[in-house]
Amino acid sequence: MPSIDYTLAEYSELFMLLAAFAYTVAFLAFTWDLAKSSKTIHAVESKLTEQQAGASVPARAGAVSGPSARSGRAGSDTYLADGNVRGWDADGTTADGGAVAQTADASMGYVGARRNAARVGVALTILGALIHTAAVVARGLAAHRVPWGNMYEFCTTGALVVAVVFLLVLLKRDLRFLGTFVLALVLIMMMVATIGFPTPVAHLIPALQSYWLIIHVSVAVIASALFTLTFAMSVLQLLQADRESKIRAGGTSKLAFLRIVPSAQALENFAYRINAVAFVLWTFTLMAGSVWAEQAWGRYWGWDTKEVWTFVIWVVYAGYLHARATRGWTGTRAAWLSIVGFLCVVFNFTIVNVFFAGLHSYSGV
């Protein structure tokens, strides 16, 4: 068996720190983008409110004056006759036709003016992902194996996949409003790996020396990354739904950044599609694990704690997809089911791996 390359292992740790630094600065850039964009939209809406206050005729056809149009104080949203909220039209315009460039529409397409802070955030996320990739690859080369043989490696590799999936989705959809939340989760995963599961580079234990490690665990990592992304979207969906409810009641929301986030319905629809893909991958994870178990232990299923919780996750997401597709479980109920599913993923990875003895007790901690 080849010896461990400790020099590469040290480079891996250095690259991991540099990646964390890049992600941190990107997180700050995305956060600044939210704050700056919200301030811009607030200023535009304030001017529109002032104009409407002195006008006797609606600014554009289809707007409703008097009691049928609910407009709050400066900075609040205004509902139109077609049900749209000012600043949320599909073409990215305000109620009087004025452009609100930072406002996202339901399609989550790239529209409007340049957002420099968001562009910096994306660039730094790409840089962080490249350095992170170097760290993960160096770790694997140092041990002469795939770099997901223990909880530290699974967590750091999972964080990388979350970042990469986020960047890939950005190629088609403007999810820059998610940058703050996604990078926060990435940084938490890296922190948990470094502080909670520090594991020196070592060879695999005999139970993991199988090609199924590459197949089974890699698919599980990708599925977990997708679940992480939909978790962030579901949390935002709940916040956005609460904001929309308050505005319909004639109130306002203190969470100004939600003005550049798509509607709760748009977030739910997109999260549903991603969860559907992740569910297929998790189903394969469950099946591949059973085949590997038969080769390693002579049975496909043994009700091991890890096996049970992997199945629980499958059941929760199956229930989520079924309830939404056939029972009309939409809105906040669907979001909460998605969040519960992700919490089961976290429980399975942390509590089950650390505190429950079983055939899967190979966390390395």
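Rule-based calculations on the coordinates, nothing more; no lab input. The shown structure was predicted, so the numbers you read here are calculated from the model rather than taken from an experiment. In this analysis, Cβ positions are derived from the backbone assuming ideal geometry, glycine residues included, and neighbour counts consider all displayed protein chains.
Which of the peptides 116-122, 324-330 is most tightly packed, and how do the rest follow, judged by the mean count of other Cβ atoms within 10 Å per residue?
Numbers: 116-122: 18.6, 324-330: 13.6.
My ranking of the peptides, most packed first, is 116-122, 324-330.
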Query - Nearest-0.05 FRET efficiency for Leu18 and Arg299, computed from C-beta distance (R0 35 Å) - result: 0.20
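What's the FRET efficiency of Arg119 with Ala184 using the Cβ-Cβ distance as r and R₀ = 30 Å, to the nearest 0.05? Intermediate values should be presented prior to the final figure.
Numbers: r = 19 Å, r/R0 = 0.65.
That pair, Arg119 with Ala184, gives E of 0.95.
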**Report entry** Inter-label distance for Arg327 and Leu167, nm, one decimal - labels placed 7 Å from Cα along Cα-to-Cβ
**Finding:** 4.0
Query raised in the report: region 227-283 to region 171-188: how many Å between their Cα centroids?
Result: 13
Report task. List, in order, the whole-Hz ³J(HN,Hα) value for each residue of region 171-185 obtained from phi through the Karplus relation with A = 6.51, B = -1.76, C = 1.60 and θ = phi - 60°; use x for Gly and Pro. Result -> 5, 10, 10, 7, 9, 5, 5, 8, x, 4, 6, 5, 5, 4, 5
Report summary line: The simple spin-label model distance between Val308 and Ile351, using points 7 Å out along Cα→Cβ, in nm, is 1.2
Report task. Provide the per-residue ³J(HN,Hα) series for region 134-140, in order, calculated from phi with Karplus coefficients 6.51, -1.76, 1.60 and θ = phi - 60°, each as a whole number of Hz, with x at glycine and proline positions. Result -> 4, 5, 5, 5, 4, 4, x
**Report entry** Calculated from backbone phi, Karplus (6.51, -1.76, 1.60) coupling profile of region 315-331 in Hz, x at Gly/Pro
**Finding:** 5, 4, 6, 5, x, 4, 5, 5, 4, 6, 7, 10, 10, x, 7, 10, x
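Given a cut-off of 23 Å, what percent of all Cα-Cα pairs of region 209-365 lie beyond it?
On the way: 5442 of 12246 pairs.
Tail fraction, whole percent: 44.
For the ranges 309-322, 177-190, 239-252, what's the packing order if you count other beta-carbon atoms within 10 Å of each residue, average per peptide, and put the highest first?
Working: 309-322: 18.1, 177-190: 22.3, 239-252: 15.9.
With the highest mean Cβ count within 10 Å placed first, the list reads 177-190, 309-322, 239-252.
So, R0 is 35 Å and r is the distance between the beta-carbons of Val280 and Trp32; what FRET efficiency does that work out to, to 0.05? Could the numbers behind the result be given before it?
Values: r = 37 Å, r/R0 = 1.05.
According to the calculation, E is roughly 0.40.
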Query raised in the report: Any idea what the relative contact order of region 176-329 is, in percent, if you count C-alpha pairs under 8 Å spaced at least 6 apart?
Result: 26
Query raised in the report: What percent does the relative contact order of region 121-189 come to when contacts are Cα pairs within less than 8 Å and at least six residues apart?
Result: 34
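If the only charges are +1 at each Lys and Arg Cβ and -1 at each Asp and Glu Cβ, what is the size of the charge dipole of region 261-365 around the Cα centre, to the nearest 20 debye?
Its charge dipole is roughly 280 debye.
Mind checking the full-extension length gain between Met287 and Ala249? Use 0.36 nm per residue of separation minus the Cα-Cα distance, one decimal, nm. Numbers along the way, then the final one.
Numbers: separation 38, 0.36 × 38 = 13.68 nm, distance 4.83 nm.
Stretched fully, the Met287-Ala249 segment lengthens by 8.8 nm.
Arranged from highest to lowest average of other beta-carbon atoms within 10 Å per residue, in what order do the peptides 141-150, 212-221 appear? Mind showing how you got there, number by number?
Values: 141-150: 20.2, 212-221: 18.6.
Highest mean packing first, the order is 141-150, 212-221.
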Report summary line: Percent relative contact order for region 218-273, counting Cα pairs under 8 Å at least six residues apart, stands at 44
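Determine the gain in length on full extension of the stretch Tyr211-Leu130; use 0.36 nm per residue of separation and subtract their C-alpha separation, reporting nm with one decimal.
Details: separation 81, 0.36 × 81 = 29.16 nm, distance 2.61 nm.
Separation in residues times 0.36 nm, less the Cα-Cα distance, equals 26.6 nm.
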